[in-house]
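Notes for the one structure printed next.
The values are calculated or read from the model by the stated rules, or taken from the named source; none is laboratory data. Remember, predicted model here, so these are calculated numbers, not experimental data. Backbone-built Cβ (ideal geometry, glycine too); neighbour counts: all protein chains shown.
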Amino acid sequence: MIRAAKNGCASEITFKGKKVYYDRDDSEIPKSYLGEKLDKTSFLKEILIDESQLPDIEKLMVDWVLYENGWYLLYDDGYKNQHLFYYLTQIGRYGHYRPKELEYFKN
């Protein structure tokens, strides 16, 4: 089961137009709700200012999986890079520091 991620004000968060979800046992949303898996790399290339920044973005979003109905945060024995997720959800010390890689995206 998955749950929509929320920020410190209890508002659901989105990233680049798609809601963000993560695993949660007490949720009622099945993972199948996300729909078909999409090609994250192709999607990112379209929204980056410069394609040469893709390796940095892929490191930042290593745990993020793109689906037609949202982003899914893969928690595989822990997050490999939680910075963006924690920033968007305002969790802990990462919640206070905007990832510099967000400057690489088109507005």
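Of note:
- Looking across segment 57-70, the residues that are under 20 Å from K100 (Cβ atoms) and in contact with a strand residue (DSSP E or B) (Cβ under 6 Å, 6 or more places away or on another chain) come down to D63, W64.
- Looking across segment 1-30, just one residue is of a type in the set (S, T, N, Q) and under 18 Å from L66 (Cβ atoms), and that is T14.
- Spans of strands (runs of 3 or more DSSP E) in segment 16-83 with at least 2 residues aliphatic (A, V, I, L, M): 64-67
- In segment 76-107, residue modelled with the lowest pLDDT [restricted to those that are among the hydroxyl-bearing types (S, T, Y) and surrounded by 14 or more Cβ atoms within 10 Å (Cβ to Cβ)]: Y94
- Matching residues in segment 58-75 - criterion: being buried (at least 16 other Cβ atoms within 10 Å of the Cβ), among the hydroxyl-bearing types (S, T, Y) and more than 9 Å from the chain's Cα centre (by Cα): Y67
- The residue of segment 22-57 that is surrounded by the fewest Cβ atoms within 10 Å (Cβ to Cβ), among those that are among the β-branched types (V, I, T) and over 14 Å from the mean Cα position of the chain (by Cα), is I49.
- Taken over segment 45-86, the criterion of being without any contact (Cβ under 8 Å) to a residue 24 or more places away in the chain and of a type in the set (S, T, Y) is satisfied by S52, Y79, Y86.
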